[in-house]
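Asker: Just passing along the structure, written as structure tokens.
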């Protein structure tokens, strides 16, 4: 199965806000499966992050091949599990996690999409000061 991915960036946050608080709404994220490409046996997945700061932050990170796809998949499974747990308990965690992430660890999303998703979570931790998964230093 040939996986093609792309990113769509589209929603701009107010320019006057210099810092974000954890109580603010998180940037929207959507993992989307598109229809098969006609005449080909392929599925296209998109990771849509609606925060203009994400792309510039991502540009400062090591390239996708810095870690293996399995490394990103392992972290993404942990991050998505924690994120969706917080999404399912808004009375405890607030509305920051309002987007449910439909990530299936048995699906091969490819290196690039896993890299971008992993870095989305790292961006959330960096930009919003939220620790989703404690990491040893």
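Here, each number is a calculation from the coordinates, and none is a lab measurement. Values in this document were obtained by computation on a predicted structure and should not be read as measured data. Note that we place each Cβ from the backbone using ideal geometry, even for glycine, and neighbour counts take in every protein chain shown.
Asker: Quick check: pseudo-label points 7 Å beyond the Cα along Cα→Cβ at residue 70 and residue 55, how many nm apart are they?
Answerer: 3.4 nm
Asker: Once label points are set 7 Å from the Cα along Cα→Cβ at both residue 44 and residue 77, what is their separation, rounded to one decimal in nm?
Answerer: 2.9 nm
Asker: Another one. So how far, in whole Å, is the C-alpha centre of region 43-89 from the one of region 91-106?
Answerer: For region 43-89 versus region 91-106, the Cα centre distance is 13 Å.
Asker: Please express the shape of region 81-123 as an equivalent ellipsoid: the semi-axes are the square roots of 5 times the eigenvalues of the C-alpha gyration tensor, given largest first in whole angstrom.
Answerer: 23, 12, 6
Asker: Using the per-residue mean of other Cβ atoms lying within 10 Å as a proxy for protection, in what order, highest first, do the peptides 109-119, 94-104, 62-72 fall? Don't jump to the answer; show the numbers that get you there.
Answerer: Values: 109-119: 22.5, 94-104: 15.7, 62-72: 13.1.
Put in order of decreasing packing, that is 109-119, 94-104, 62-72.
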